[in-house]
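Remarks on the structure that follows.
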Amino acid sequence: MENTEQKTNWGKIIAIGCGGCAFFSCLGVLGFVAVFNEEIIELGEAVESMDDLSVPIDILALPDGGSTEWDAQVKAILVTHFDKDQSGLINTVEEVEAIECDVWNAINLSFLSSGDYQANFTVVYGFEPDLTWLGEDIGFGESMRPVVLARAPLCFSVTAEELMAEDSIEVPTEMDSPSLIFDPNNFTFGDTAQAILNLPNGGSDEWDNQVRGILLAKYDRTGDGSIDVSGELNVIGCDVWAAIDIGMRAGGTYGSSAYAVYGFEPSLSWLGNALGISNGMRTEAYAKVLTCHQSQ
């Protein structure tokens, strides 16, 4: 789907060339550089960061979630990527905090996929208080028990209870994409939504920053400057999603839905980070917006 009206923000675009070649044909050329907001980024670093995608992919590919063999393989993957002090365990706060939401989610989904357990991995491996500690089997030191418990469950896109529910969770695709225009007459707006509606110049950089500030102040529970876990995203009400769309279009610059302009819809360039929403939450955010749109 080609979007001819998506928000343009050249400060967020990296243009990389290699003679007449496209970017992806140049990935092996280390030392080539890209200029981004007047900063020099080594291409080698960019390529290295792409390797992080292999962690959740590798974990999701593991069979027999919860088995002894699965435990050992998960531990090996986690220790290889996150054990910075080479102690053989993830046993510092810094190491736990380096684990991104997509990894926590992959661990839980891979664990539940066998169907042998009816609780999330944080319960079965004893991260919750008063349970037998088994977290070392998958690579965690016991001292990190409360640290993991404070972060990992916020990242679960699907819990054990949801997996066992009668209604399956459907991930929207490009073929599902409606025109996500919200009608202000169909919502009762709370304080957060009203604050967004009161902002002038919808769709401008200034508006982006103000909306981002409102959303982070209200929903960024981890205080890391981004809405990047399911527990933060899921508490955003439909009135707020509607207000973002209505407020942006009120600026008069864009006629399309905010969720096309900021790239929530599949196949579009992601600009939701301008509103404080992490790219890792894109699919979940789009699903939530679709649900809210269908309910109006």
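Calculated accessible area for region 109-152 comes out at 46 Å² per residue, all protein chains present (probe 1.4 Å; ligands, DNA, RNA ignored).
Of the solvent-accessible surface of region 48-153, computed with a 1.4 Å probe and all protein chains present, 51% belongs to carbon and sulfur. Over region 185-296, accessible surface divided per residue gives 39 Å², non-protein components excluded, 1.4 Å probe. On region 195-276, 46 percent of the accessible area sits on carbon and sulfur atoms, based on a 1.4 Å probe.
Within the shell of other residues whose beta carbon sits under 14 angstrom from the beta carbon of ALA217, the net charge comes to -1, with Lys and Arg scored +1 and Asp and Glu -1.
The values are calculated or read from the model by the stated rules, or taken from the named source; none is laboratory data. Because the structure is predicted, anything quoted here is derived from the model rather than measured. Glycine gets a Cβ as well: all are built from the backbone with ideal geometry, and neighbour counts include every protein chain shown. Protein only, heavy atoms only, side chains kept; ligands, DNA and RNA dropped before computing areas. Shrake-Rupley method; radii C 1.70, N 1.55, O 1.52, S 1.80 Å.
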